[in-house]
Amino acid sequence: MNDIFFRFLALPTLTPLLCAVLALPAQAQLGLGDARKPSAANGLRLPSASPRPATVAPASASDVTRQADYSVAVVNTEPVTNHEVRARVGRALRQLAERGQPMPPAEALRKEMLERLISERAQLQYARETGLKVDAGALAQAELAIARQNDMTSVDELHRRVEQEGIPLKDFRDDVRNQVLLARLREREIETRVKVSDAEVDAFIREQTGARVGSPELNLAMILILLPEGTGETETTRLRERAEEVARRARAGQDFAELARDFSDANNRGRDGGVLGLRPLDRYPEIFVQATQRSRVGDVVGPVRSGAGWHVLKVLERKQVTDLPEVRIPQTRVSHILLRIGQTQTEQVARERAADMRRRIRAGQAKFEDLARQYSQDDSAADGGEMGWASPGQFVPEFEQAMNNLDPGQISEPITSRFGVHLIRVEGRREQVLTAAEQRQLARNMLRERKAQEEFDTWAQEVRGRAYVEYRDAPK
């Protein structure tokens with residue numbers, strides 16, 4: 001599989017703003033166990049219609065003024081309107097009601113929604129100023145993903161549902177477009193720079209599962225020369241010399257288990273030749289860990305003095321815990337054809353070529369595999385575009401979104417990502433038990449998302465701080 005596609009899907013379909021637009025719960029930070037669930041089960045549901053009162057009292061003149069549209073803030077030169085804030089507040093209230101959560105004070109909620117709008121407006125301005133765009137194809141793909149994840153058969157059905165909820169279709173599509181733009185901005189500014197170390201992965205897995213993965217374990221054999229309490233100086237010297245003699249023989253290569261049976265005063269000397277067993281370091285006495293920390297497997301250490309006497313230790317084994325709990329996740333077997341965009345091929349030309357390939361395949365005039373081998377500009381071309389079984393979060397958002405919308409055997413419309421234009425075909429779907437390596441990659445992906453969110457929050461505050469913001473009072 002081409003490793004340029006291997007990255008975490010930071011924003012599966014919706015970012016927090018679009019979740020608010022649809023009164024959906026924003027995606028929670030996943031624990032490792034959540035990977036057992038398909039990505040479509042992350043709560044992406046349209047709201048049920050909010051109950052409306054049977055009668056409405058006539059509005060006073062002052063009420064009309066308050067409800068009228070006017071600018072409540074200006075971000076650089078772009079206004080944020082009272083209508084936008086009220087719409088965002090209303091959607092947030094519906095979301096809280098559906099979750100059964102308490103309602104915050106009205107003024108506090110309004111202030112929070114206004115600040116979110118200001119921050120998002122500043123980010124969108126920055127995105128447009130730096131050349132980011134969302135074409136019609138990307139917008140259509142995002143709407144299709146929302147429709148599929150809300151159990152709808154078409155984008156038209158999604159549009160009807162949105163209008164039934166009292167959301168103007170233009171507002172909805174503008175919000176979707178903005179969220180796709182913000183997702184691309186986040187990817188460009190933050191996610192490609194985020195790195196996660198192996199130690200961070202180990203700590204995250206321990207935090208999520210309780211498994212001791214990544215923790216070192218040690219297996220020692222021990223010979224104990226017991227020093228009874230109250231032993232005199234002469235006897236103490238004799239016992240210490242005895243321990244030194246045992247250690248010398250062990251280093252000379254004499255069988256350690258035999259020495260344990262002949263000399264050790266420990267209870268396990270005859271049963272297992274002094275072997276203490278593989279266990280985490282914190283289950284060994286600290287003096288044993290310190291005495292052997294620089295020793296290699298096979299080394300003999302000691303005598304080591306403790307309150308019980310003298311210990312001769314042999315390092316039998318060192319290992320890192322790699323066993324993880326079983327995790328099942330949905331996987332998709334996928335193929336693609338990639339046409340790269342550059343000086344020799346514009347995006348429009350690449351999309352037209354991909355659309356023609358799709359038409360020929362659907363008409364039975366060409367095979368997907370043959371076109372992939374002939375035209376695809378990806379390492380998978382030699383395999384007819386075959387990329388193998390993919391886990392959630394393995395591809396960039398545009399690719400993954402399109403892939404999740406396809407049925408087995410179906411071919412996507414041309415999809416544009418930062419790598420170029422793709423035709424995608426789903427070969428099959430399954431639920432798979434992850435290997436330890438796959439679980440570690442999943443944990444790495446989730447950690448990367450957590451770190452990316454933290455960095456994005458900081459970056460967003462900086463963008464907000466650079467923007468000129470003017471707050472405006474309601475008209476009298």
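The values are calculated or read from the model by the stated rules, or taken from the named source; none is laboratory data. Quick caveat, the model's predicted, so the values are computed rather than measured. Don't worry about glycine lacking a Cβ; one is built from the backbone with ideal geometry, like all the others, and counts go over all protein chains shown. Accessible surface is based on the protein model in full, side chains and every heavy atom, while ligands, DNA and RNA are left aside. Shrake-Rupley method; radii C 1.70, N 1.55, O 1.52, S 1.80 Å.
A compact table of results
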quantity: Surface/4 estimate of mean projected area, convex hull on alpha-carbon atoms of the stretch 399-475, nm²; calculated: 10.3
quantity: Cα centre as origin, Lys/Arg/Asp/Glu Cβ charges: the stretch 161-308 dipole, Debye; calculated: 340
quantity: Accessible area of the stretch 115-168 belonging to carbon and sulfur atoms, whole % at 1.4 Å probe; calculated: 48
quantity: All aspartates and glutamates inside 17 Å of K195 as judged from Cα atoms, apart from same-chain residues fewer than 8 positions distant; calculated: D3, E187, E449, E454, E455, D457
quantity: Rg [Å, one decimal], Dmax [Å, integer] - the stretch 145-287, C-alpha atoms; calculated: 33.7, 97
quantity: Amide H partners (placed H, <5 Å) of T416, local residues excluded; calculated: H422
quantity: Additional length obtainable on full extension of the chain from Q365 to A108, 0.36 nm per residue less Cα span; calculated: 86.3 nm
quantity: Student exercise, the stretch 63-170 dipole from Lys, Arg, Asp, Glu Cβ charges, in Debye to nearest 20; calculated: 180
quantity: Two-site label geometry, R242 and Y375: point separation in nm, points 7 Å out along Cα→Cβ; calculated: 8.6
quantity: Under-5 Å amide H pairs with R429, H placed in peptide plane, nonlocal only; calculated: R333
quantity: Geometric extent, Cα atoms of the stretch 230-376 - Rg, Dmax (angstrom); calculated: 33.6, 99
quantity: Accessible surface, 1.4 Å probe, highest first, among residues K133, K314; calculated: K133, K314
quantity: Hypothetical label at D272: residues of the stretch 279-304 whose amide nitrogen lies under 16 Å (7 Å Cα-Cβ projection); calculated: 279-281, 283-285
quantity: Sorted largest first, extent of the stretch 117-162 alpha carbons per principal axis (Å); calculated: 36, 23, 15
quantity: Solvent-accessible area per residue for the stretch 93-177 (1.4 angstrom probe, square angstrom); calculated: 53
quantity: G393 long-range amide H proximity, modeled H, under 5 Å; calculated: L9
quantity: Binned Cα-Cα distance frequencies in the stretch 278-355 - 5 Å width, integer %; calculated: 3, 10, 14, 11, 6, 5, 4, 4, 5, 6, 5, 7, 8, 6, 3, 3, 0
quantity: Difference of contour (0.36 nm per residue) and Cα-Cα distance, Q345 to S197; calculated: 49.5 nm
quantity: Sulfur and carbon atoms: percent of accessible area, the stretch 251-407 [1.4 Å]; calculated: 42
quantity: Partner aspartates and glutamates for K170 [C-alpha distance under 20 Å; skip if fewer than 8 residues away on the same chain]; calculated: D69, E78, E84, E120, D135, E143, D156, E157
quantity: Total formal charge among the other residues, if their Cβ is under 15 angstrom from that of E229, Lys/Arg +1 and Asp/Glu -1; calculated: -2
quantity: Under the Karplus curve 6.51 cos²θ - 1.76 cosθ + 1.60, θ = phi - 60°, whole-Hz ³J(HN,Hα) for the stretch 155-161, x wherever Gly or Pro sits; calculated: 5, 4, 5, 4, 4, 4, 5
quantity: Computed FRET value (nearest 0.05) for E454 with A140, which takes r as the C-beta separation and R₀ as 35 Å; calculated: 0.60
quantity: Two-site label geometry, R418 and R328: point separation in nm, points 7 Å out along Cα→Cβ; calculated: 3.5
quantity: Solvent-accessible area per residue for the stretch 350-415 (1.4 angstrom probe, square angstrom); calculated: 45
